[in-house]
Amino acid sequence: FFSLPFLPLPSTKMAFSDCKLALFDFDETLSAADSLLWLFSSLMPSLKGEIHQNLPPKMPWLEWQNHYFQELQSRGHEACDVLGLVENLPMQSGVGELMCLLRAQGWTVVIVSDSNSLVIGRAMHAHPVLKSAVSAVYTNVASIRKGRIEVTQCPGFQFAEGKHFDKAVVVQDLIKTMKPVRKIFVGDGNNDLAGVQQLTKGDVAFARSGKPLEKRIAEHRGELTCEAVVWESLEQVRAHVAAMYPVPPTEELSKDRSTTRVYKTPYTWKQLGWSLSILGALAAAAPFNAGLTAMSLLASRVIRRQKPATKGTVFITGGKMTKSLFTCRAFKEAGYKVILAETADYYFSAHQWSTAVDKFVLLPEHGNTTEGLQRYADALAEHLRKEKCDLFVPVAHTMDVEGDALIPDIMKDTNCKLWTSNASVVKMLNDKSAFLLCAGDAGLPVPRFYKVSTQQQALDVLRNLKEDRISFFLKGLEVDPINRSKIRCAPLDEADLVPYVLDHDIRPDSEFLIMEFVKGKEYCTTSVVHDGNVLVHTTSPSSAVQLNYEHFDSEAVLNWVQAFSETFGTTGTLSYDFLMRDGVPYAIECNPRMHSAVVNFHGKDTKSALVEAYVNPEKFVSAKPVQPAPSTKETFWTYHELSRIIKLQVNTPRKAWSWLKRVVTGRDALWSLQDPLPFFALHNIHMPMLLWRSLTRRKVYAVFDVCVGKLHWSHS
């Protein structure tokens, strides 16, 4: 269900032994409103009267849905914006408590609705307890094709001519397959009578008070053998079901227990000693670096090649990171004037001294606030206009990408090629939860997941998962390069479950995912994409903190990236993280920016192709994406490789041979004979400045990262 638009019958996850089947309509039963009418009326209030007038049978139901989805798109509403709004659909009060009870009693919960899979799936995502309790959804299939939502008839069933969705057929098939010992049906509308008519003696039909189903049951009462109960709130349904199968109460989280500890790592003498040791090592190596840099500068003056004529001006952000330096060098070699930018707190960025950089500018800090991002974007746009830039290539930090994405709205009338999607698409890609939802909406493999905003929600969801919960773990939505590898799956024992949940700081302003653990090798990618077409692409083996890269040819990963890009029509430099299980890539997150794996394009031809893709994307649209050759050298960072020796990580003959082979046959990401200053400045100015900040501000860091030119501050 979670990675497919619908779950075909039968589901391998359904337990058929002594099965109890709980059937639910969706609109105005689980939701408090008709989902489609609510959605269309919310986005197109001026057409509210027309929407109601065109309700079937005046217009066939599927045609009606497709008509208004097309109308939304014609009015500028992106598919991801439309589906994002569905998450605000009001639901019936008490739905979570009812679902927890049904799961505790052993019911198999199935939704049977004539809405569509995307709307129901998105609404359920906003209510994780409901989502975790539902075993299957049978409804019309909605899909996204090139940014447009299209709805087709529910497959797998033979409906009578003229019927788009027949609940009698679906429920009959479910009963035949599952052979439940008892059934309930909870609904409200005319179409729900067809489902109720499949119930027998001992079953219960719950009809919402004042809705058509109540009247239809009264009209057909003589034909029905099941019990009929009228409800006004789901709490009444819950009370009736609770009396059918009493269960022992489970432990809830009291307010005092759900208040978690403050997640802050204290600054210790060990941290102080480690920082001073690194500073000492960098200082000791400084004379050697200075001498090597001086000789290289002299040599480069002798062998300096003639620079080609300037072809234009490119503006590149993310100045502190190696990937920005690589991009600057690539464009400089191709004959471009290069302007490099970084936020003001990294005024000492090492790469500003590169011979590939013609001008270095500072952008205002934004603090990841709406006002701050707007100031950042306004300043960025001013530089783009002032420098008359031909290309804008964001090589941004995690928090900068949403500011970069504001540029297309600020500079609507510009000849500068802006390599970013609009703000709503970038925001979706940058949000782990929203990205996984959209990938699942596109029918692409992603792990199962539930977004929770309280510890009680997390506890309820994990309980609903029952024995499956040992395959799930809690993962914070905030960017956390430090704790990525600290995965601890949920315990099976109920006594350990509450302490497990309380050990995670889950709050409305610090949401978590309960995510399926996919055991397999990790890969990262980076691709240049234009209007949904992948132009250049590389895949690389990865890990929680990756500091060496080599191209890995994976057709499965490339196909995933191409399918996602085409579905949403994305533009920009996009990067994905995957876990490969049994040859199937499962996406775990998207980074709507360039990845450090771009260094795989260091070959002369692939580096030229990378630049050409940004300059003339039309040349690549009909061709197969350009990828580095399999023989491309591995890229590493020398100081990181030396740290492996110091940390005693190269402690076996096999590891020693692998390390030696990498250093001898690979290439350093920073060093260049023609451009040696960034190598010297990073290790002797840039990183020491960050260490000094750590010392003077008593800030604890967990990772000394020369790849992105920063310290990853510790917070837990």
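Assorted remarks:
- Value of [θ]222 nm, deg cm²/dmol, for the chain, DSSP H segments ≥ 4, -39500 (n - 2.57) each, nearest 500: -11500 deg cm²/dmol
- Legend: residue pairs LYS466/LYS521; LYS320/LYS647; LYS270/LYS519; LYS131/LYS427; LYS388/LYS633; LYS146/LYS604, Cα-Cα distance threshold 30 Å; pairs beyond threshold, LYS270/LYS519; LYS388/LYS633; LYS146/LYS604.
- Mean Cα-pair separation over length for the chain, i.e. relative contact order, pairs under 8 Å, 6 or more apart, %: 13 percent
- Structure-derived semi-axes √(5λ) of the Cα gyration tensor in Å - corresponding label in (i) 83, 35, 21; (ii) 53, 29, 22; (iii) 50, 38, 30: (ii)
- Protein accessible area in the chain, 1.4 Å probe - carbon and sulfur %: 53 percent
- Highest to lowest packing among 139-147, 351-359, scored as the average C-beta count within 10 Å: 351-359, 139-147
- Nearest-0.05 FRET efficiency for PHE159 and ALA242, computed from C-beta distance (R0 45 Å): 0.80
- Rg to Rh quotient for segment 161-260, alpha carbon positions, Kirkwood Rh: 1.11
- Estimated distance in nm for a label pair at HIS52 and TRP269, the labels positioned 7 Å out from Cα along Cα-to-Cβ: 7.6 nm
- Long-range HN-HN contacts of VAL230 with modeled amide H, under 5 Å: ALA207
- Over every Cα atom in segment 558-694, the radius of gyration and the widest Cα-Cα span, Dmax, amount to 18.6, 51 Å.
- Computed label-point distance, nm, for sites ASN422 and ALA563 using a 7 Å Cα→Cβ extension: 2.7 nm
- Å² of accessible area per residue within the chain, as computed with a 1.4 Å probe and no ligands counted: 43 Å²
- Residue-wise HN-Hα coupling along segment 91-99, computed from phi with Karplus coefficients 6.51, -1.76, 1.60 (Hz; x: Gly, Pro): 10, 5, 5, x, 5, x, 5, 5, 5
- Note on segment 676-700 and segment 37-62: Cα centroid distance 60 Å, given to the nearest whole angstrom.
- Distance from segment 383-450 to segment 590-668 (C-alpha centre basis), Å: 24 Å
- Separation in nanometres of the label points that stand 7 Å from Cα toward Cβ, at SER74 and LEU695: 6.7 nm
- Ranked by how many other beta carbons lie within 10 Å on average, peptides 685-692, 449-456 from highest: 449-456, 685-692
- Cα centre as origin, Lys/Arg/Asp/Glu Cβ charges: the chain dipole, Debye: 2700 debye
- Per-residue 3J(HN,Hα) values for segment 693-707, derived from phi via the Karplus relation 6.51 cos²θ - 1.76 cosθ + 1.60 with θ = phi - 60°, read 4, 4, 5, 6, 9, 6, 9, 8, 10, 10, 9, 9, 10, 6, 5 Hz in sequence order (x marks Gly and Pro).
- Largest to smallest accessible area among LYS163, LYS20 [probe 1.4 Å]: LYS163, LYS20
- At full extension, HIS67 and SER233 could sit 56.4 nm farther apart than now, given 0.36 nm per residue minus the alpha carbon distance.
The values are calculated or read from the model by the stated rules, or taken from the named source; none is laboratory data. Remember, predicted model here, so these are calculated numbers, not experimental data. Neighbour counts are summed over all protein chains in view; Cβ atoms, including those assigned to glycine, are modelled from backbone coordinates with ideal geometry. These area figures cover heavy atoms from the full protein model, side chains too; ligands, DNA and RNA do not enter into them. Shrake-Rupley method; radii C 1.70, N 1.55, O 1.52, S 1.80 Å.
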